[in-house]
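Remarks on the structure that follows.
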Amino acid sequence: MARPRSEGQPMYELARYQVRPSALERCLAAIHEFVAYVRAREPGTLRYDVWQERKDPTRLVHLFKFRDAAANLAHSESAEVKKFASILYPECLAPVEFVEYDLVDSNAGRDR
């Protein structure tokens with residue numbers, strides 16, 4: 001059962017997808033460029049990690065932590081997200097799957 005989100009509460013999200021092998025290097029370059037933008041220009045995006053599967057490097061996962069819903073909205077509506085999606089999405093074998101999560105516990109500090 002989903003818990004109601006209180007205002008100002010951090011938001012956690014995951015995105016997973018698989019790209020065409022022939023497009024992997026292009027997608028990785030776009031990821032590096034995009035994460036550099038997020039790091040420099042999105043103070044409300046508290047964490048943005050991209051993980052690549054070892055056994056199949058065409059499979060990737062993005063882990064997000066946003067300060068709050070407003071930061072998530074600012075991120076998702078940015079021109080840079082649209083630019084990144086225009087490179088990535090055509091190279092995906094299926095639509096990117098986005099899933100929201102609630103933090104249960106962490107060793108990273110007092111997030112709960």
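What follows is calculated from the coordinates using simple rules that are stated; it is not laboratory data. Remember, it's a predicted structure, so these values are computed and weren't measured experimentally. With ideal geometry, Cβ positions are generated from the backbone for all residues, glycine too; neighbour counts draw on all protein chains shown.
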(message) Using DSSP to call loops (not H, G, I, E or B), can you name the GluC sites (Glu not before Pro) in the stretch 66-112 whose Cβ has at most 13 other Cβ atoms within 10 angstrom?
(response) 77
(request) Kindly list the residues of the stretch 56-82 that lie in the label zone of residue 13, defined by a backbone N under 14 Å from the point 7 Å along the Cα-to-C-beta vector. (result) 62-82
(message) Given the DSSP H assignment, sum -39500 (n - 2.57) over each helix run of at least 4 residues in the chain and divide by its residue total; what's the result at 222 nm in deg cm²/dmol, nearest 500?
(response) -10000 deg cm²/dmol
(request) Hydropathy first: keep DSSP H helices in the chain averaging at least -0.5 on Kyte-Doolittle, then drop any whose Cα extent along the axis falls short of 24 Å, and list what survives. (result) 24-41
